Amino acid sequence: MHGDLHPANVVVSDRTISGVIDFDAMFAGDPAWDLAAAWVLLPASAGSRFFEVYAHADEATIRRARGLAAMKSLFLILMGQNGDRGLPGGKPTWGPAGRAALDRVLTFSLGRPSPA
C-alpha cells in the first residue's frame, strides 16, 4: 500500500489516474492508508461511489481513513505555506490541493450521519 497518495504523487492522463510515483512511504496491513485517497485525490462527487465499490470498508476503517486524509490535507497545506514563504522544501502549489482535500474530509457523508 502506498502511504503517501496525494496529487503530487500520481500521474493523471485524460482525468484518470494512470500511475503512482514517489514510493518512499510504503505501508502494509491497514487499508485506511489507501482509502484516505478518496478525500485527498478524488473529487467530492466521487467519494460515495468509491466506498460503494470498495465494499470492504467497515465504519472503523472509514473513520481511520478520514483521519489520515485530514492529516495528509494539513501536511499539504503546511507545505504550501512553506512554499509561499520561500522556505526550503516548500511547495506553493500544494496548499490549494490540501485545502480542497480538507474541505472534502469535513463535508463527506456516505448518506448516513458522519461519525462524531
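Report, by residue number, each residue of the range 37-62 that is surrounded by 15 or more Cβ atoms within 10 Å (Cβ to Cβ) and either outside any helix (DSSP H, G or I) or of a type outside the set (Ser, Thr, Tyr) (or both).
Across the range 37-62, the qualifying residues are 37, 38, 39, 40, 41, 42, 47, 50, 51, 57, 62.
If you check residue 79 against the conditions, is it in a helix (DSSP H, G or I) and surrounded by 19 or more Cβ atoms within 10 Å (Cβ to Cβ)?
Judged against the criteria, residue 79 is a match.
Determine whether the range 85-95 contains at least one residue that is among the charged types (D, E, K, R), over 14 Å from residue 5 (Cα atoms) and at pLDDT 90 or above.
So far as the range 85-95 goes, yes, one or more of its residues are among the charged types (D, E, K, R), over 14 Å from residue 5 (Cα atoms) and at pLDDT 90 or above.
Is it the case that some residue within the range 21-36 is closer than 16 Å to residue 5 by Cα, modelled with pLDDT of 85 or more and outside any helix (DSSP H, G or I)?
yes
Going by the conditions given, is residue 46 in contact with a helix residue (DSSP H, G or I) (Cβ under 9 Å, 6 or more places away or on another chain), under 20 Å from residue 96 (Cα atoms) and modelled with pLDDT of 80 or more?
The answer is yes for residue 46.
The values are calculated or read from the model by the stated rules, or taken from the named source; none is laboratory data. The structure presented is a predicted model; accordingly, all values stated were derived computationally and were not measured. In this analysis, Cβ positions are derived from the backbone assuming ideal geometry, glycine residues included, and neighbour counts consider all displayed protein chains.
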